[in-house]
Amino acid sequence: MIAAAYQLLHLLLMLAAAPALTGLVRKAKALLLGRRGPPVLQPYRDLWRLLRKEAIVAESASVLFRVAPYLTFTAVWVAISLVPAFSTDLLLGPTADLIALAALLGGARFFMALAGLDVGTSFGGIGSSRELMFASLAEPAMLMVIFTVSLLVGTTALAHIAETLLATSVGLRVSLGLGLVAMVMVAIAENARVPVDNPATHLELTMVHEAMILEYSGRHLALMEGAAMLKLLLYLSLIACIFAPWGLAVPGADAHALGIGILAWLAKMIVGGLLLALFETSIAKMRVFRVSEFLGAALLLGLLAVIFLYVSKGL
Amino acid sequence: MQPLSLIAWAVAALFGAGVVGLFGNRLPVVQRVVYVASIAALLVVAAAALAFLLSPPADSSPTLALPIGLPVSPDGLQLEMHFRLDALSAYFLLILGIVGPAVGLFAIGYDRHEREPARVLAFYPIFLAGMVLVLVADDAFAFLVAWESMSLASWFLVLAGHRAEETRRAAYVYLVMASMGTAALLLAFGLLAGVAGDYRFAAIRAGHLSDLAAALVVLLTLVGAGSKAGLVPLHAWLPLAHPAAPSHVSALMSGAMTKVALYAIIRILFDLVGPTGWWVGVILVALGAVSGVMGVLYGLFQRDLKTMLAYSTVENIGIVAIGLGLALMFRGDGLASLAALAMIAALLHALNHALLKSLLFCGAGAVLNATGLRDIERLGALIHRMPVTGFCFLIGAAGLSALPPLNGFVSEWLTFQAILTGIHLPQWELKFGIVVIAALLALTAALAAALFVRAFGIVFLGRPRSAAATAATEGSSTMRAALLVLAAACVVLGVLPLLAVGLIEPVSRQLLGQGLPGAGVASLLWFVPLPGSYTSYSGLVILVAVTGLAVIVMLLVHGFASNRLRRAPAWDCGFPDPRPQTQYSADSLAQPLRRVFGTSLFQASERVEMPPPGDRRPARIEVRVRDLVWRALYAPVADGIAWFTERLNILQFLTIRRYLSMMFAALALLLTVVAFTQ
Amino acid sequence: MQMGTLAFDVAHLLGASVLVLSFGLLFQRRIFGVLQTFALQATLLAAAAAWQAFVQDAPHLYITALIALLFKAIAIPVALHRIVLRLQIHRTVETVFGMGLTMIIGVALVALAILLVLPITYQSVAITRENLALALSVVLLGLLIMITRRNAVTQVVGFMSLENGLILAAVGVKGMPFVVEMSVAFSVMVAFIIFGVFFFHIRERFDTLDLHYLETFRGERE
């Protein structure tokens, strides 16, 4: 029962916090660039405005075009509901498998890529083709990081991983360090942040994610943008859960521990968002075919992380 | 009635249907008779296999001996064909019995447009009968006869489209590779039967092989059955022959025949050869990983829909081979429970792939029927004209891209879990190898998703690229029904995978001595493969969560925000172009991947000819992708054989004196040998 | 290995950073990027040496750290930077293989190093074993950098990163003698190599090593 309540709270909290995180990142980037920037709560207003608008759908679009935003949004929402943020005692915990999580995100991307191809314009095709290329390297890199963590803990169940990493003192493991770097690189690629993709552009040369959702408007666009915001929150939450799990409430904890868990999570998200803004403003966007080298480096770091695990585990 | 007798009657019915099919050119009703008979026979086979798996007999499995053999019987040995039903056979019979009837149902509607139906109708039941017989064969003779009849029947089926040049070439390559495969298997069985010559499987199991003989048997099996299954580098016939055959035959070849080849590998490597070292597993895993990556990369650069699907078969067989190789490695090191996990992952993926690939090939057949085209660069927007086919193809594409909650994800997830347990292997080289295999499997899965986005997106979405695509119509009711049945099966198996795992467990118990104790007992929902570990997955929960939340979100948004919708021309950044050539084509969709992966592995290159401004010639782009495996392996071998036979041709034109000298020399040589070995 | 012991963990972390920066050297395409990465690697090496000096209570390792910092992290990169500018050496690095293949070979070399080291020193304390694996990887990667780059400056940098690996191994082993002497010897050798490269390029460009001719060319004298 507690687990169900926590799960519901988790779902709603994630939904509520995602636009705020995006707003925070945008505001921080603006301030770092010397501008004043939009208010932190602006994404909420944007989403509400988009939701109430009439959706304009291209004549050549099919049913998939109209269904894809819902599928993408809920796939990412279900995925984020599997990641323990403030407590590991969640109703969906037993199905919170890291590989299933990666596959759910893959499913969201599958439908987004198809939606890009649906209308039959060249922009959608550009976005989809580039996204497929990035995904073909980012997914293996993420799976290598998942492997490192799973080999360390002995399972791919996220709740158990978080509890184990919280309980035992693993120390400054080299593998986890390399895994963290690889995971951050993958997160940057998957969330379409600089240097992989510019989330604030509509130029053909530089679009990937924006190109796939170019034809969307109204409530469909709101859902796609909401999915992107949730995805950013998901990756930050996942990195915090695995690599910085301090403050997580374990099953059987009281309301005090829950409060600490929520506060700790909020603090981690804020720190993560600020670091992301700092990183994005200090580096230029890469050429598209350099991104494949970037992600290849992430994949190799993931491989190194697993290899180093063997050395340090003394197997 | 004994399950095996039922199967025997079903096979007899299939042979009868084949004879009836010879008259297919004259009477249209023959077509229905043949297909309905095939469906019924396979359903009987499936029921028999299911009954066997649900309650396997405690003592030795029933056998059947038929007095059909060679007329000569040396040493008083009764040369007859033996058949036996055990758990391994029953499982693969079940796969065939699920896929076959669905494809047969599809064929009733699809085959109506066949120009020379007798070519298909006569051999289709024989093909099915051959596969069934291979699966229940209990001695090498029956096995090889059934194997050859399966190969030859499918060859005749490939030749049904003999009027096209490329079909003839495909059939030729298929014949050569299949014959080579059978020869390899013949040698393998010869080595297994040994000097004593008793070729019954029971005798082979009881016998003992030397290490060298066992190694040779393994290699020969991998060459023979591996080439039939489609393992790189012996896969070259598969992307030529599978697309050339009629679509329902392609579905069976990719879905069922490759599984029969896997059955042969499992039967020989796990059952007949006896205990092997872990190096056998390493070979199989390496072949599987290479097949996985190369298969999907080849498929990404194809323009023909069925060729893409055929290469995807190569990829998935690679994944199954990884699971089987892992099982061999674990068994060689004595880790039986982990071997069971790996084997169950492999067998589950075999079933899932059979269902998904048949679904996709039937969908491709419906597209071919409706448009007459296989070239995806001329298709597009078919989802508007063929919604049911499009929906089912989407299920198949999503399944093979390993998206939860479909069945493709469950077996790939289980394979990953099996790889994760590889850390318990004691050898250091294997521990490092596991990491590489994991990376390659992850790469394969990601690229497969790209392949299917390309296949579905270019064919079914976008705007139509040719008149044929604009004028397409939905398939007949039987075709749609078959597609829906297969799609439903995929969803059910994805959500309730334990239904299948429960049927696979007897196989693993028979071959490895151990099942999967954690699965199938506790509840139907949660799949916990490793008892004592926290790893679990539930497809039903994910399905309910995703669809439930999607419906809730849709209701909330429509209710509280807006549900208005207006159709308008596409935005396209303000410069919409109505011509369908301005949308992305299949080659352009694959271009980034071609740049990243193709330049090294395929020597992919692009050449752009841009005429200067003012010149009215169109610009040209030439994309070149080379098949390096063909160049490195097949072309030299073919050239070498051609060179050798050219040289040998001299023997045709010798004078009489030279022929006499040759005979004299041979006689002298043999007499010398006899003299020296007295 | 005792997990959670701060001393070992920091040492390993610094060693692993040196290794990751070796990969970074493989990854870089611009010469200035290579020099900056190398300077960072030398800094981390100095930090590793200083940490070992602190943990092992061996003050002479502080001198090694200082040499690494002053000479390798500051002096040599600055000197090479000026050489590149002065001689207008080509700014992008040409590689023999593609980026992907080079990285794969790099990872294979790391795996090889680990496979080699682990059985040999199984009896020793774990710190020696992991450090040796890391150091051997850095050495092998330095060699790889030297082989797969067509540019003289990057070959020198590759050689120096190879040395970094040797120094990493030396400081990791408790009670290793002559570490400081080794560092000085290596540094002198590298200085001479750089002079050699310098002179070779001058001769290539101007067909002479005569300083008189160089000065007239610079336009300082008529």
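In region A:90-121, which residues are assigned to a loop (DSSP other than H, G, I, E, B) and crowded, with 24+ Cβ neighbours inside 10 Å?
Residues of region A:90-121 assigned to a loop (DSSP other than H, G, I, E, B): A:90-92, A:96, A:119-121.
Hits for region A:90-121 are A:Leu90, A:Ala96, A:Val119, A:Gly120, A:Thr121.
Given (1) in a helix (DSSP H, G or I); (2) under 21 Å from A:Ile161 (Cα atoms), where does A:Pro251 come up short, assuming only one miss?
(1)
Can you give me the ranges of the helices (runs of 4 or more DSSP H) entirely in region B:205-275 with at least 2 residues that are of a type in the set (A, V, I, L, M, F, W, C) and under 15 Å from B:Leu185 (Cα atoms)?
Working: elements: B:211-229, B:238-244, B:247-252, B:258-266.
Fully inside region B:205-275 and qualifying: B:211-229, B:258-266.
Would you confirm whether or not region B:52-61 contains a residue that is in contact with a Leu (Cβ under 9 Å, 6 or more places away or on another chain) and assigned to a loop (DSSP other than H, G, I, E, B)?
Yes: region B:52-61 contains one or more residues that are in contact with a Leu (Cβ under 9 Å, 6 or more places away or on another chain) and assigned to a loop (DSSP other than H, G, I, E, B).
Please verify whether B:Pro56 is closer than 24 Å to B:Met81 by Cα and surrounded by 21 or more Cβ atoms within 10 Å (Cβ to Cβ), treating the condition exactly as stated. Give the derivation first.
Values: closer than 24 Å to B:Met81 by Cα: yes; surrounded by 21 or more Cβ atoms within 10 Å (Cβ to Cβ): no.
In short, no.
Going by what's in this entry, would A:Leu71 be described as at the interface with chain B (Cβ under 7 Å from one of its Cβ atoms), surrounded by fewer than 24 Cβ atoms within 10 Å (Cβ to Cβ) and either in a helix (DSSP H, G or I) or in contact with a strand residue (DSSP E or B) (Cβ under 6 Å, 6 or more places away or on another chain) (or both)?
For A:Leu71, the condition - at the interface with chain B (Cβ under 7 Å from one of its Cβ atoms), surrounded by fewer than 24 Cβ atoms within 10 Å (Cβ to Cβ) and either in a helix (DSSP H, G or I) or in contact with a strand residue (DSSP E or B) (Cβ under 6 Å, 6 or more places away or on another chain) (or both) - is met.
For region C:7-29, indicate whether the set of residues that are modelled with pLDDT of 85 or more and touching a strand residue (DSSP E or B) at 6+ places or on another chain (Cβ under 8 Å) is non-empty.
The answer is no, given that none of the residues of region C:7-29 is modelled with pLDDT of 85 or more and touching a strand residue (DSSP E or B) at 6+ places or on another chain (Cβ under 8 Å).
Anything in region A:147-168 that is modelled with pLDDT under 85 and farther than 25 Å from A:Asp89 by Cβ? List them, or say none.
none
Would you say A:Ala187 is away from chain C (no Cβ under 14 Å) and assigned to a helix (DSSP H, G or I)? Explain how you work it out, then say what you get.
On the way: away from chain C (no Cβ under 14 Å): yes; assigned to a helix (DSSP H, G or I): yes.
So A:Ala187 fits the description; yes.
Condition check ((1) closer than 13 Å to C:Gly172 by Cβ; (2) touching a Pro at 6+ places or on another chain (Cβ under 7 Å); (3) away from every other protein chain (no Cβ under 13 Å)) across all residues:
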position: C:Phe23; (1), (2), (3): no, no, no
position: C:Ala42; (1), (2), (3): no, no, yes
position: C:Trp51; (1), (2), (3): yes, no, no
position: C:Asp57; (1), (2), (3): no, no, yes
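Could you go through region B:447-459 and let me know if any residue there is crowded, with 24+ Cβ neighbours inside 10 Å and either on the phi > 0 side of the Ramachandran plot or more than 13 Å from chain A (Cβ to nearest Cβ) (or both).
Step one: list which residues in region B:447-459 are crowded, with 24+ Cβ neighbours inside 10 Å, which gives B:447-459.
Among the residues that remain, those that are also either on the phi > 0 side of the Ramachandran plot or more than 13 Å from chain A (Cβ to nearest Cβ) (or both) are: none.
No: zero hits.
Is region A:290-301 home to any residue that is buried (at least 24 other Cβ atoms within 10 Å of the Cβ), out of contact with any strand residue (DSSP E or B) (no Cβ under 7 Å at 6 or more places or on another chain) and free of Cβ contacts under 8 Å to residues at least 60 places away in the same chain?
yes
Of the residues B:Phe644, B:Phe602, only one is out of contact with any Asp or Glu (no Cβ under 7 Å at 6 or more places or on another chain) and either under 29 Å from A:Thr121 (Cβ atoms) or modelled with pLDDT under 90 (or both); which?
On the way: B:Phe644 fails: either under 29 Å from A:Thr121 (Cβ atoms) or modelled with pLDDT under 90 (or both).
Checking each option against the conditions leaves just B:Phe602.
Looking for something over 22 Å from C:Met103 (Cβ atoms) and modelled with pLDDT under 75 - is there at least one such residue anywhere in region C:167-174? Don't jump to the end; show me each part of the working.
The initial filter retains those residues of region C:167-174 that are over 22 Å from C:Met103 (Cβ atoms), namely C:167, C:169-174.
Cutting the leftovers down to modelled with pLDDT under 75 gives us C:174.
Taking every residue of region C:167-174 in turn, at least one turns out to be over 22 Å from C:Met103 (Cβ atoms) and modelled with pLDDT under 75.
Here are some conditions: (1) β-branched (Val, Ile, Thr); (2) within 26 Å of A:Ile239 (Cα to Cα); (3) facing chain B (nearest Cβ under 8 Å). A:Val119 meets all but one. Which one does it not meet?
(2)
Give region B:426-449 a look and list any residue that's within 14 Å of B:Leu593 (Cα to Cα) and small (Gly, Ala, Ser), or say none. Break it down into steps so the answer makes sense when it comes.
Start the filter on region B:426-449 by keeping residues that are within 14 Å of B:Leu593 (Cα to Cα), which leaves B:443-444, B:446-449.
If the condition is that a residue be within 14 Å of B:Leu593 (Cα to Cα) and small (Gly, Ala, Ser), then B:Ala446, B:Ala448, B:Ala449 are the ones that fit.
Against the definition (surrounded by 14 or more Cβ atoms within 10 Å (Cβ to Cβ) and either under 26 Å from B:Ile376 (Cα atoms) or within 29 Å of the chain's Cα centre (by Cα) (or both)), how does B:Ala635 come out, yes or no? Give the derivation first.
Working: surrounded by 14 or more Cβ atoms within 10 Å (Cβ to Cβ): no; either under 26 Å from B:Ile376 (Cα atoms) or within 29 Å of the chain's Cα centre (by Cα) (or both): yes.
Considered against the rule, which asks whether it is surrounded by 14 or more Cβ atoms within 10 Å (Cβ to Cβ) and either under 26 Å from B:Ile376 (Cα atoms) or within 29 Å of the chain's Cα centre (by Cα) (or both), B:Ala635 comes out as no.
Any residue that is surrounded by fewer than 24 Cβ atoms within 10 Å (Cβ to Cβ) and either touching a strand residue (DSSP E or B) at 6+ places or on another chain (Cβ under 8 Å) or not hydrophobic (A, V, I, L, M, F, W, C) (or both) - is there at least one of those in region B:362-372?
Initial filter on region B:362-372 (surrounded by fewer than 24 Cβ atoms within 10 Å (Cβ to Cβ)): B:368-370, B:372.
Of the ones still in play, those that are also either touching a strand residue (DSSP E or B) at 6+ places or on another chain (Cβ under 8 Å) or not hydrophobic (A, V, I, L, M, F, W, C) (or both) are B:369, B:372.
The answer is yes; a qualifying residue exists.
Return the only residue of A:Val83, A:Val63 being without any contact (Cβ under 8 Å) to a residue 12 or more places away in the chain and more than 7 Å from chain B (Cβ to nearest Cβ).
On the way: A:Val83 fails: without any contact (Cβ under 8 Å) to a residue 12 or more places away in the chain.
Of the residues listed, the single one that is without any contact (Cβ under 8 Å) to a residue 12 or more places away in the chain and more than 7 Å from chain B (Cβ to nearest Cβ) is A:Val63.
Which fully enclosed helices (runs of 4 or more DSSP H) of region C:1-110 have 1 or more residues being surrounded by 21 or more Cβ atoms within 10 Å (Cβ to Cβ) and small (Gly, Ala, Ser)? So that I can check it myself, show each step before the final result.
Values: elements: C:6-27, C:31-56, C:60-67, C:76-86.
The qualifying helices (runs of 4 or more DSSP H) are C:6-27, C:31-56, C:60-67.
Could you pull out the residue among A:Lys53, A:Lys29 that is surrounded by fewer than 24 Cβ atoms within 10 Å (Cβ to Cβ), facing chain B (nearest Cβ under 7 Å) and of a type in the set (D, E, K, R)?
On inspection, the qualifying residue turns out to be A:Lys53.
Restricting attention to region A:169-176, does a residue exist that is within 14 Å of chain C (Cβ to nearest Cβ), within 25 Å of A:Leu90 (Cα to Cα), without any contact (Cβ under 8 Å) to a residue 40 or more places away in the chain and not in a helix (DSSP H, G or I)?
Yes; the residues of region A:169-176 include at least one that is within 14 Å of chain C (Cβ to nearest Cβ), within 25 Å of A:Leu90 (Cα to Cα), without any contact (Cβ under 8 Å) to a residue 40 or more places away in the chain and not in a helix (DSSP H, G or I).
Among what's in region B:373-424 and is within 11 Å of chain A (Cβ to nearest Cβ) and among the polar types (S, T, N, Q), pick the residue that is farthest from the chain's Cα centre (by Cα).
Going through the qualifying residues, I end up with B:Thr421.
Being buried (at least 24 other Cβ atoms within 10 Å of the Cβ) and assigned to a loop (DSSP other than H, G, I, E, B) is the filter here, so list the residues in region B:404-429 that pass it.
Scanning region B:404-429 gives B:Pro404, B:Pro405, B:Leu406.
Does any residue in region B:326-348 that is in contact (Cβ under 8 Å) with a residue 12 or more places away in the chain and surrounded by 24 or more Cβ atoms within 10 Å (Cβ to Cβ) come within less than 6 Å, Cβ to Cβ, of a residue that is hydrophobic (A, V, I, L, M, F, W, C) and not in a helix (DSSP H, G or I) six or more places away or on a different chain, and which pairs are these?
Going by the 6 Å Cβ cut-off, the qualifying pairs are B:Ala340/B:Leu516; B:Ile344/B:Leu516.
Which pairs have Cβ atoms under 8 Å, sit 6 or more apart or on different chains, and link a residue in region A:128-147 that is over 21 Å from A:Val83 (Cα atoms) to one that is aromatic (Phe, Trp, Tyr)?
Cβ pairs passing all conditions: A:Ser128/B:Tyr584; A:Ser129/B:Tyr584; A:Ser136/B:Phe597.
Within region A:197-228, how many residues turn out to be crowded, with 22+ Cβ neighbours inside 10 Å and not in a helix (DSSP H, G or I)?
Residues that pass the stated criteria total 7.
Scan region B:399-457 residue by residue and report those that are farther than 25 Å from B:Val492 by Cβ and of a type in the set (Asp, Glu).
Across region B:399-457, the qualifying residue is only B:Glu429.
The values are calculated or read from the model by the stated rules, or taken from the named source; none is laboratory data. No experiment lies behind these values; they were computed from the predicted model shown. Positions of Cβ are generated from backbone atoms using ideal geometry, with glycine treated the same way; all protein chains shown enter the neighbour counts.
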